[in-house]
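**Student:** Take this structure, written in structure tokens, and hold onto it; I'll ask about it next.
The values are calculated or read from the model by the stated rules, or taken from the named source; none is laboratory data. Quick caveat: nothing in here was measured; it's all calculated off a predicted structure. Counting neighbours? That spans all protein chains shown, and the Cβs are built from the backbone with ideal geometry, glycine included.
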Amino acid sequence: MFCSNKNQPISLFDPIHSMPKYLKKILDKSWAGTFRDKIFPYINEERFEVLYSDNHASRPNSPVNIILGLLILKELFQLTDEELIGSLHFDQRFQYALWTTGYEKQPVSINTLTNFRERLEEYCKNTDIDLVQEEVEELSERITKYLKINNKNIRMDSCMVSSSCKRLSRLELVYSVNARFVKVLDKLNKEIIP
């Protein structure tokens, strides 16, 4: 059953309240404060409602905005799932960015991330709609406007990357690039590669 996480709980016992003012100021000026104010509140959870059951007797979902926020942070910091979950549990900046400092137990695990990705992949196979891509594009527009970036110029190398590479692991990507490179070399000069 889909449940929105629009109202972030603010606990009286939230450790942020007992933090010294100078540390709170540092936290607010860090990437976590910017993410908390400029990105996290604008994640459109309703877009992902199609991934969940309509059965009201089923268990409610983990907060989609927290899952998506984590996946964005994972890409920004190039973390593995294990490192990401470790950061969520032990790094107050991650908790602050995702409004989970007041949670007694963090609402996302590695299994939550895996299950969410599987639902996304299944939905994409059935509908050819990439929900994460749509969400990231919408958030990118907000960020572009906020930073006053002229998005009329695009990098040529970003247009040349095949969209099918998103399904490849890093090792498969390295293998594919090297295999194509060897084929090109073979066409240029058969004696280069024995």
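**Student:** What is the residue count in the range 1-40 for residues that are among the charged types (D, E, K, R), surrounded by 12 or more Cβ atoms within 10 Å (Cβ to Cβ) and at pLDDT 80 or above?
**Tutor:** Just the residues of the range 1-40 that are among the charged types (D, E, K, R), to begin with: 6, 14, 21, 24-25, 28-29, 36-38.
Imposing the further condition that a residue be surrounded by 12 or more Cβ atoms within 10 Å (Cβ to Cβ) reduces the set to 14, 24-25, 28, 36-38.
Now restrict to residues that are at pLDDT 80 or above: 24-25, 28, 36-38.
Count: 6.
**Student:** Which is in contact (Cβ under 8 Å) with a residue 12 or more places away in the chain, part of a helix (DSSP H, G or I) and of a type in the set (D, E, K, R), of Arg59, Arg117, Arg36?
**Tutor:** Selected residue: Arg36, the only one of Arg59, Arg117, Arg36 that is in contact (Cβ under 8 Å) with a residue 12 or more places away in the chain, part of a helix (DSSP H, G or I) and of a type in the set (D, E, K, R).
**Student:** Output the number of residues of the range 81-100 satisfying the condition of being touching a helix residue (DSSP H, G or I) at 6+ places or on another chain (Cβ under 8 Å) and not in a helix (DSSP H, G or I).
**Tutor:** 3
**Student:** Mind checking which residues of the range 56-78 are within 16 Å of Arg93 (Cβ to Cβ) and either in contact with a strand residue (DSSP E or B) (Cβ under 9 Å, 6 or more places away or on another chain) or among the β-branched types (Val, Ile, Thr) (or both)?
**Tutor:** Ile66, Ile72
**Student:** Quick check on my filter: what residues within the range 33-76 are more than 13 Å from the chain's Cα centre (by Cα) and among the aliphatic types (A, V, I, L, M)?
**Tutor:** Once the filter is applied, which keeps residues that are more than 13 Å from the chain's Cα centre (by Cα) and among the aliphatic types (A, V, I, L, M), the range 33-76 yields Val50, Leu51, Ala57.
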